[in-house]
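Beneath this line is the structure, given in structure tokens, with notes to follow.
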Amino acid sequence: MMRSKWVMMILVGAIHLSGCTERTLDNSPSKVLENYIKTSFSVTGIQDKHKMEDLLTGDTKSRLMSWSDEQFLKAFVEVKRTFQSLKILETKKVNDQEVALTYELSYQEGPADKLTQVSQRKLCTVVEAEGSWKIKEVRSIRESIEYLKELSLP
């Protein structure tokens, strides 16, 4: 009897800890970046603009909010982009409320006959604001574009 109580206490503790870990991971700086990227590649309409704004703060949020509906739809719906991968290369804690993430984003863009492979390396600053992590700033470090269907001469 004592043994089964002990096993039950361990199971309850493990479930409780895994629940806490899940909530913490859902609001980590890297998860906020992943959610933003995921949302930006799956935009279907103007309602997604508000989802993206909720993940931003400061000037970055202000810039997106200043876009007209037409600008937003042209940039995120009309452009044919297919997500390939997101790799977080480095996570650096600046202080308790700020984290710098270096990441690489890869995607394909354009119509099938003029398809390009784009790889971007960026630096993202994520800060704790309004009780959760938000993207404050994103800076480009490097971008490479490979034309997949183009003919080239030596």
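Tabulated results
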read-out: For THR91: the one exception among (1) assigned to a strand (DSSP E or B); (2) within 24 Å of HIS50 (Cα to Cα); value: (2)
read-out: Leading residue by the ranking (nearest to ILE88 (Cα to Cα)) among those in the range 24-51 that are open to solvent by less than 70 Å² (accessible area, probe 1.4 Å) and in a loop (DSSP other than H, G, I, E, B); value: SER28
read-out: Answer residue from the range 52-76, given it is assigned to a helix (DSSP H, G or I) and of a type in the set (S, T, N, Q) and is nearest to the chain's Cα centre (by Cα) among those; value: THR60
read-out: Single residue of TYR103, TYR147 found to be surrounded by 12 or more Cβ atoms within 10 Å (Cβ to Cβ) and in contact (Cβ under 8 Å) with a residue 60 or more places away in the chain; value: TYR103
read-out: Subset of the range 117-137 (residues that are over 15 Å from LYS31 (Cβ atoms), in contact with a strand residue (DSSP E or B) (Cβ under 6 Å, 6 or more places away or on another chain) and either at pLDDT below 95 or of a type in the set (A, V, I, L, M) (or both)); value: VAL118, LEU123
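Quick grid of which residues meet (1) modelled with pLDDT under 95; (2) open to solvent by less than 50 Å² (accessible area, probe 1.4 Å):
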position	(1), (2)
GLU53	no, yes
LEU56	no, yes
SER62	no, no
TRP67	no, no
LYS74	yes, no
GLU78	yes, no
SER85	no, yes
THR91	no, no
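The values are calculated or read from the model by the stated rules, or taken from the named source; none is laboratory data. Everything numeric in this text was worked out from a predicted model, so none of it was measured. All Cβ positions, glycine included, derive from the backbone under ideal geometry; neighbour counts span all protein chains shown. These area figures cover heavy atoms from the full protein model, side chains too; ligands, DNA and RNA do not enter into them. Shrake-Rupley method; radii C 1.70, N 1.55, O 1.52, S 1.80 Å.
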